[in-house]
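I have placed the structure first, in the form of structure tokens, so that the comments after it can refer back to it.
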Amino acid sequence: MTKKTDNKHAVKHHLHPFSDNAQLKKHGVRMMVKAKGIYVYDSEGNEIIDGMAGLWCVNIGYGQKKLAKIAEKQMEVLPFYNTFFKTTHPAVIRLSEKLVEITPRNFNHVFYTNSGSESVDTMIRMVRHYWSSVGHPNKKIIIGRWNGYHGSTLGGASLGGMKSMHEQGDLPIANIVHIDQPWYYGLADDNESEEEFGIRAANWLEEKILALGADKIAAFVGEPIQGAGGVIIPPTTYWPRIEEICKKYNILLVADEVICGYGRTGNWFGFETLGFTPDIFTTAKGLSSGYLPIGAVLVNDKVTEGLLAGGEFNHGFTYSGHPVAAAVAYENLNILDKKNIIEKVRTKTGPYLRKRWQETFSKFKYVADIRSEGLMCGFTLVKNRETRELFDDFGSTGLICRDIFFKNNLIFRACGDHMVAAPPLIISKKEIDNMLAIASA
Ligand code: PLP
């Protein structure tokens, strides 16, 4: 158990993201001071299992000294130069080559950003610019999903399907629409199989396209597995059918790989695990394992060709392809690659977590829909397992549960009443056991 922790002084001047700052001022926060492997340590010396890899990002775990050394060296040699206006630098070239090497099929081009939200906004602008460049300027509408998450910028928050975010700031922006999520447990009809539901949920896309007109639709965007929505794993029939629909109506298919990318599901990218091929995919987080902010949008040859035909793309960030972040990301990918970390997720720790996650939580009366893929997993707190009835105030039970874990030095996350975990990819079987022992104590 932790000792009393308030640190009220720590929130005197800082407005925290996704927080009720008035509450933080009253009750204080927990101060994290160091980290190693899968553990973070607070200012009172508690060792905490980070079952969320920070914010789903510290894929190679904390304390990888090699990354610190690479950052130091790059800072000394070339701390900054931009990639605008006919310039580049070796760090960003190396990273681009590495990304193309690990990316299957015909992805040969990368656009750099500093975060997942910037990757998503970049993708939105890119998709619309692509369609105008190839002579379809009316193809502007982008379809996302309710309970999807695509970041906090105006574009990302609009495309995401979090109604609480839309309510703040007059969102969504124009030409963004949503269809429902492929959540079998919550949305399937009685007696409908997972496979049947997967097709029906994908067909909601076709219905939306027909309602709005394919000549107006630019792209469909989805996370291969919804992360912040509560680790919603679609049935195996879902993504192949989505891909078929996008092809049929000449609509770009975009995977938001900000969480699923770089090994989380047991392959480099989530679309490989879920069995589809996008035209564009957005990434961030695991690209540098969170050691520095960097994101990347990967673009296939067809879209690249259209973009090149459109002349200058008036878009970019001062820090697009930042040399220090690029050097660190390159080394991070090398570590993931050379140490076979992703293969271990696919063949060893992923299957082990799935088994242990099931065993651990199936004995609890209020737990249902126990699910996992690679090293991301979830379950839903429900009022009644048999009738699938949710608690009335969706989310409040989840927060209670999350806070109990946190008190017991375990970080899991509550996404409404979905409890989720996504530990660093270097977690061992023994550490999985320890994590679950705390969770079920
Ligand atoms: N897209 C997805 C799928 C995400 O999960 C997130 C963040 O969790 C984002 C985009 C936004 O990323 P960032 O917080 O780095 O802006």
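Quick notes on this one:
- The residues of segment 155-170 that are touching a Leu at 6+ places or on another chain (Cβ under 7 Å) and either at pLDDT below 95 or over 11 Å from Gly144 (Cα atoms) (or both) amount to a single one, Met165.
- For first residues located in segment 141-152 and under 16 Å from Ala211 (Cα atoms), partners that are within 6 Å of the ligand (Cβ to nearest atom) and lie 6+ apart or on another chain with Cβ distances below 7 Å form the pairs Gly144/His150.
- Of the residues making up segment 46-89, not one is farther than 30 Å from Gly378 by Cβ and within 16 Å of the ligand (Cβ to nearest atom).
- Test result for Arg94, in the same structural domain as Val254 (by TED's automatic domain parsing), within 16 Å of the ligand (Cβ to nearest atom) and at negative phi: no
- Residues that are outside any strand (DSSP E or B), of a type in the set (Lys, Arg), surrounded by 14 or more Cβ atoms within 10 Å (Cβ to Cβ) and in contact (Cβ under 8 Å) with a residue 24 or more places away in the chain within segment 379-419 comprise just one, Arg388.
- Answer residue from segment 55-66, given it is surrounded by fewer than 21 Cβ atoms within 10 Å (Cβ to Cβ) and either under 17 Å from Ala326 (Cβ atoms) or of a type outside the set (Gly, Ala, Ser) (or both) and is nearest to the chain's Cα centre (by Cα) among those: Leu55
- Residue within segment 244-253 that is modelled with pLDDT of 95 or more and within 15 Å of the ligand (Cβ to nearest atom) present: no
- Sole exception among (1) farther than 19 Å from Gly37 by Cα; (2) surrounded by fewer than 18 Cβ atoms within 10 Å (Cβ to Cβ); (3) of a type in the set (S, T, N, Q) for Asn334, by number: (1)
- Identity of the residue in segment 13-24, touching a helix residue (DSSP H, G or I) at 6+ places or on another chain (Cβ under 8 Å) and part of a loop (DSSP other than H, G, I, E, B), that ends up surrounded by the most Cβ atoms within 10 Å (Cβ to Cβ): His16
- Of all residues in segment 254-286, those that are of a type outside the set (S, T, N, Q), more than 10 Å from the ligand (Cβ to nearest atom) and within 22 Å of Gly61 (Cα to Cα) total 7.
- Exactly one residue among Gly37, Gly54 is of a type in the set (Gly, Ala, Ser), in contact with a Phe, Trp or Tyr (Cβ under 8 Å, 6 or more places away or on another chain) and modelled with pLDDT of 95 or more, and that residue is Gly37.
- Ser19 vs. criteria among the hydroxyl-bearing types (Ser, Thr, Tyr) and out of contact with any strand residue (DSSP E or B) (no Cβ under 6 Å at 6 or more places or on another chain): yes
- Qualifying position, being touching a Ser or Thr at 6+ places or on another chain (Cβ under 6 Å), crowded, with 24+ Cβ neighbours inside 10 Å, within 20 Å of Gly230 (Cα to Cα) and at pLDDT 95 or above, among Thr265, Thr273: Thr265
- Here Trp131 clears all of (1) farther than 22 Å from Trp239 by Cα; (2) within 16 Å of the ligand (Cβ to nearest atom); (3) surrounded by 20 or more Cβ atoms within 10 Å (Cβ to Cβ) except the condition numbered (2).
- Test: residue in segment 144-160 that is away from the ligand (no atom under 15 Å from the Cβ) and out of contact with any Cys (no Cβ under 7 Å at 6 or more places or on another chain): no
The values are calculated or read from the model by the stated rules, or taken from the named source; none is laboratory data. Keep in mind the model is a prediction, meaning the values are calculated, not measured. Counting neighbours? That spans all protein chains shown, and the Cβs are built from the backbone with ideal geometry, glycine included.
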